[in-house]
Amino acid sequence: MEKVCFELEKIELTYLDKTVLDIKRLTVHQFDRIGIVGKNGAGKSTLLRLLAGIVQPTSGIVKSHVDFVYFDQLKKPEQTEIDYNLKGKLSIPATELENFSGGEQTRLKLARIFSSYHESLLIDEPTTHLDAEGTQFFIQELMYYYGALILVSHDRYVLDKLVTKIWEIEDGKVNEYTGNYSKYSRQKVLEKRQQKEQHDKYVKEKTRLIKAADDKMKKAEKITQANSRMSKKETKAMANRMFETKSKGTSQKSVQRAAKAIEQRVEKLEEVEAPKEEQIIRFQQSNALKLHNKLPLMADRLTIKVGNRVLLEEASFQFPLGKTIAITGKNGSGKTTLLHHILERGEGITISPKAVIGAYEQMDYQFLKDESVLGFMKERSNYDESMIRSVLHSMNFGGNDIKKNVRDLSGGEAIRLVLCQLFLGRYNILVLDEPTNFLDVFCIEALERFLKGYEGTVLLVSHDRTFVDRVADYVYAIEEQNLVLKS
């Protein structure tokens, strides 16, 4: 029998009168490989911190029976002793810690947790700043890990490779699914299909009963009208005949009772809500914004240097109109620098004169004035309010969220709002630098739908392999100072 590593019983965790987590019972066993998914703010990191003992529940018990290590995505790494081989494999530079990039800090933290064995690993968003090579190393290190792995990640490729169970957090509850992310995703599709079938059945039965009740009431009305035309003598004779033949079904009151009984059956029907269908939103461009140049972004023998270091040497490209082009490559290869060079319309770059470029960059977004989320969008878009609301809803701005002051938004909310504004804005070319960082998988999937419905040209940088596979028409890689077409 497998050893129990963690136990959670009757857990309730509240924050400012809001229930963040409400868990009856959860158990982690010795060889469990669990991926935690859920919308931003659902409580994924909080659940991991509960298991690690960093956060205490409002009520309930958390028991830990193993030696574990916790990887915190936000915590700065410590300069501690790490395995020499790992240092080489992860290309960790021999420099001062304050000079480390985000990717290098992540590599250092991973090297630390992999330098010694622990019975359980609690890992929170480890691949946010990692390139494809670093992500592949992470996967290989954990592929045959002998212990309990609990992983919060927005990277569907990583989840597919490493986990055999999904914990989905929704409205404070944890729903458990067997299999990796792809299997979980298929199960969710099946659940939606079954819910739709149940909803259709409910609507059909409700419609039938309402029609039957309506028919009964019309019949009662006809009896009333017929009776009103009879003389007292005829009415008495009719009543006597009905009494003699026991034809209660034709009397006005009995028909009304039958109608009432049917109405009560309608009220007792268990309502089944229609599943929420995620449609591709079409971003129609105005005639004023439409480009007619078939190659709106080009470079001829482009060379880019940073100091004495050459990132690109005599690279040439022609990016076609209306396509999504992904740029990939190792950390430090020059992807972001290339995007900046294009945005600055630097030497060697040719851009269509009518191009209006909207850019998403990896940074903290600061809003300059007090305005609501909805007001912010309406001011910067030509689309009608219903379209704006649909796009905001897709990016998890629901209910009162659209009334929030933009200056009160969290970092994750700000990122989602900026992405919405770009797709709804007055642009015909979008340049996106790592747009999936800090988004949950549901918002990443919404972003994929945005890209499929966008008429303009998109140039993006991303390390998210699944995302690139789903959205890119062309994939280029920066390799040895060249820009190479991959697919």
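Below are the figures for this structure:
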{"quantity": "One residue from Asp440, Asp433 being surrounded by 20 or more Cβ atoms within 10 Å (Cβ to Cβ) and over 29 Å from Pro320 (Cα atoms)", "calculated": "Asp440"}
{"quantity": "Residue in segment 150-163 that is out of contact with any helix residue (DSSP H, G or I) (no Cβ under 9 Å at 6 or more places or on another chain), over 24 Å from Gly412 (Cβ atoms) and either outside the structural domain of Gln362 (by TED's automatic domain parsing) or modelled with pLDDT of 95 or more (or both) present", "calculated": "no"}
{"quantity": "Single residue of Ala472, Ala446, Ala477 found to be under 16 Å from the mean Cα position of the chain (by Cα) and among the small types (Gly, Ala, Ser)", "calculated": "Ala446"}
{"quantity": "Elements of type strands (runs of 3 or more DSSP E) in segment 2-68, at least 3 residues being modelled with pLDDT under 95, among the hydroxyl-bearing types (Ser, Thr, Tyr) and in contact with an Asp or Glu (Cβ under 6 Å, 6 or more places away or on another chain)", "calculated": "none"}
{"quantity": "Residue within segment 100-109 that is over 23 Å from Cys443 (Cβ atoms), surrounded by fewer than 16 Cβ atoms within 10 Å (Cβ to Cβ) and at pLDDT below 85 present", "calculated": "yes"}
{"quantity": "Residue ranges of strands (runs of 3 or more DSSP E) in segment 289-329 with at least 2 members under 30 Å from the mean Cα position of the chain (by Cα)", "calculated": "324-328"}
{"quantity": "Hey, Leu149 in a strand (DSSP E or B) and over 21 Å from the mean Cα position of the chain (by Cα) or not", "calculated": "yes"}
{"quantity": "Identity of the residue in segment 370-402, more than 21 Å from the chain's Cα centre (by Cα) and in contact (Cβ under 8 Å) with a residue 12 or more places away in the chain, that ends up surrounded by the fewest Cβ atoms within 10 Å (Cβ to Cβ)", "calculated": "Asp370"}
{"quantity": "Complete set of residues in segment 161-184 that are buried (at least 16 other Cβ atoms within 10 Å of the Cβ) and in contact (Cβ under 8 Å) with a residue 24 or more places away in the chain", "calculated": "Leu162, Val163, Lys165, Ile166, Trp167, Glu168, Ile169, Gly172, Val174, Asn180, Tyr181, Tyr184"}
{"quantity": "Every residue from segment 291-334 that is modelled with pLDDT of 90 or more, under 30 Å from Cys443 (Cα atoms) and charged (D, E, K, R)", "calculated": "Lys323"}
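The values are calculated or read from the model by the stated rules, or taken from the named source; none is laboratory data. Just so you know, these numbers come straight off a predicted model, no measurement behind them. Neighbour counts are summed over all protein chains in view; Cβ atoms, including those assigned to glycine, are modelled from backbone coordinates with ideal geometry.
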